[in-house]
Amino acid sequence: MEMIVVVAILSFVGIYFNLYLSKLYISNKTQREISLKLIELESTNVFISKKLSLGHSIDDFYLQNNTLYFQNYVLLNDVDSFTATPTNNRFKINISVSNGQIRKEWFI
């Protein structure tokens, strides 16, 4: 009788532990993807800043088929929107990626 109770308790604990681990895995996977996208966005910010400071035009950056290009080279994928508005001697850039999950506004 004791063995049956112990096996039942261990089975119960094992099932809930597996459920907890799978939820934790999915959560970590989602957070990792968001973190990677944020790193890509920050590197894109640095790249755009550098190219603009070297004298390139903002028109060299364009969005086509959810891909951001710089002079016909792929810069960033999965971009929903990219707008650059001149303000004084700088540009206000709004970018949205991953179906609008991540939105950034930069002043370059």
Between a residue in the range 88-108 that is at positive phi and any residue that is part of a strand (DSSP E or B), which pairs come within a Cβ distance under 6 Å, given they are 6 or more apart or on different chains? G100/D80
Can you tell me which condition Y62 does not meet? The list is (1) under 17 Å from the mean Cα position of the chain (by Cα); (2) surrounded by 12 or more Cβ atoms within 10 Å (Cβ to Cβ); (3) not acidic (D, E), and all the others hold. (1)
Please pick out the residue among V74, V79 that is under 20 Å from S96 (Cα atoms) and surrounded by 14 or more Cβ atoms within 10 Å (Cβ to Cβ). V79
Please work out if Y25 is within 23 Å of P86 (Cα to Cα), of a type outside the set (D, E) and surrounded by 10 or more Cβ atoms within 10 Å (Cβ to Cβ). no
Within the range 2-48, residues being without any contact (Cβ under 8 Å) to a residue 40 or more places away in the chain, of a type in the set (A, V, I, L, M, F, W, C) and closer than 27 Å to S98 by Cα number 7
Tell me, which residue of the range 87-100 that is touching a Lys or Arg at 6+ places or on another chain (Cβ under 8 Å) and either of a type in the set (G, A, S) or farther than 16 Å from L63 by Cα (or both) is modelled with the lowest pLDDT? S98
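The values are calculated or read from the model by the stated rules, or taken from the named source; none is laboratory data. As the structure is a prediction and not an experimental result, all values here were calculated from the model. Note that each Cβ is placed from the backbone with ideal geometry, even for glycine, and that neighbours are counted across all protein chains shown.
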